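For reference, the structure is listed below as structure tokens.
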Ligand code: ADP
Ligand code: MG
């Protein structure tokens, strides 16, 4: 039978906005020494705005329009920002064929007989296209048509207000290593990583690369992974403790996770670690 203290712990956690799916997870939280965080939607808000459109060939209007046409079929937060910037109503009745969403890279498809590519540098490279150089801060969405590179859209996301403070507090609670994983490009990922004070940043990762990095950490310690389930559901499932964002997270992530943060705030992780510690004291 489960000690009463653990039930109390689950109740205490839920009062802090944290859903713990079983008392065994509270016990396991006490042993966590490494926390691996996804970037988009976890450390950052995961809601993007289009800030710049940079033209190599064609026009701003064309680049945004072509991107929005493919992005209208995607649920990624970057996709939503581009569709919104172009105007959802202008995309009604649009036909896209040969559409494919390449996880952690972007989109491929055909519109009105034209072959389109919309995504990051990795996607462009896979089609033998080189991308333009820019200095704007943010994530880059490159656009190509019929094998020609047209330009890129800069989309900006923001670090959540309490991410830095929450990460500091986790270290103060004795978490030894805090790592950020992302499919975004290195320079921007490192800029975000520095801003919030993680110990290490691994960027340019595909979902399977994220799993590999997590497995390396699992060999060395007890690991919690925190993500929103968009391109990181396999990592969430593989961690000792999988923690999902309850608000912005995908349904699959919330289902697969052991712990769900209803507030989407990283500070809640510290709260649930405190509850876990107090619960242990009551039981032993
Ligand atoms: P993170 O690892 O930071 O959570 P994702 O794994 O969701 O981010 O995406 C990784 C990268 O893949 C993004 O930074 C973006 O460059 C690219 N990407 C993924 N989906 C799309 C999309 N629908 N449109 C454009 N780019 C995309
Ligand atoms: Mg993600």
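What to note about this one:
- Residue in segment 185-200 that is within 11 Å of ligand 1 (Cβ to nearest atom) and not in a helix (DSSP H, G or I) present: yes
- Residue check, residue 229 in the same structural domain as residue 26 (by TED's automatic domain parsing), on the phi > 0 side of the Ramachandran plot and either within 11 Å of ligand 1 (Cβ to nearest atom) or part of a strand (DSSP E or B) (or both): yes
- All conditions but one from (1) in a loop (DSSP other than H, G, I, E, B); (2) without any contact (Cβ under 8 Å) to a residue 40 or more places away in the chain apply to residue 264; the one that does not is (2).
- Of the strands (runs of 3 or more DSSP E) contained entirely in segment 1-94, not one carries at least 3 residues that are loosely packed, with under 15 Cβ neighbours inside 10 Å and in contact with a helix residue (DSSP H, G or I) (Cβ under 9 Å, 6 or more places away or on another chain).
- Set 216, 210: member being farther than 22 Å from residue 267 by Cβ, within 12 Å of ligand 2 (Cβ to nearest atom) and outside any loop (DSSP other than H, G, I, E, B): 210
- Residue in segment 172-181 that is in contact with a helix residue (DSSP H, G or I) (Cβ under 7 Å, 6 or more places away or on another chain), part of a helix (DSSP H, G or I), at pLDDT 95 or above and within 13 Å of ligand 1 (Cβ to nearest atom) present: no
- Residue match in segment 50-60 (condition: within 30 Å of residue 217 (Cβ to Cβ), at pLDDT 95 or above, away from ligand 2 (no atom under 16 Å from the Cβ) and within 21 Å of the chain's Cα centre (by Cα)): no
- Exclusive hit being touching a strand residue (DSSP E or B) at 6+ places or on another chain (Cβ under 8 Å), assigned to a loop (DSSP other than H, G, I, E, B) and either modelled with pLDDT of 95 or more or outside the structural domain of residue 62 (by TED's automatic domain parsing) (or both), set 118, 131, 155, 143: 131
- Condition check for residue 224: crowded, with 20+ Cβ neighbours inside 10 Å and within 14 Å of the chain's Cα centre (by Cα): no
- Subset of segment 232-261 (residues that are assigned to a helix (DSSP H, G or I) and either surrounded by fewer than 20 Cβ atoms within 10 Å (Cβ to Cβ) or in contact with a strand residue (DSSP E or B) (Cβ under 7 Å, 6 or more places away or on another chain) (or both)): 234, 235, 236, 237, 238, 251, 252, 253, 254, 255, 256
The values are calculated or read from the model by the stated rules, or taken from the named source; none is laboratory data. These figures come from a predicted structure and were not determined experimentally. Using ideal geometry, Cβ is built from the backbone for each residue, glycine included, and neighbour counts are taken over all protein chains shown.
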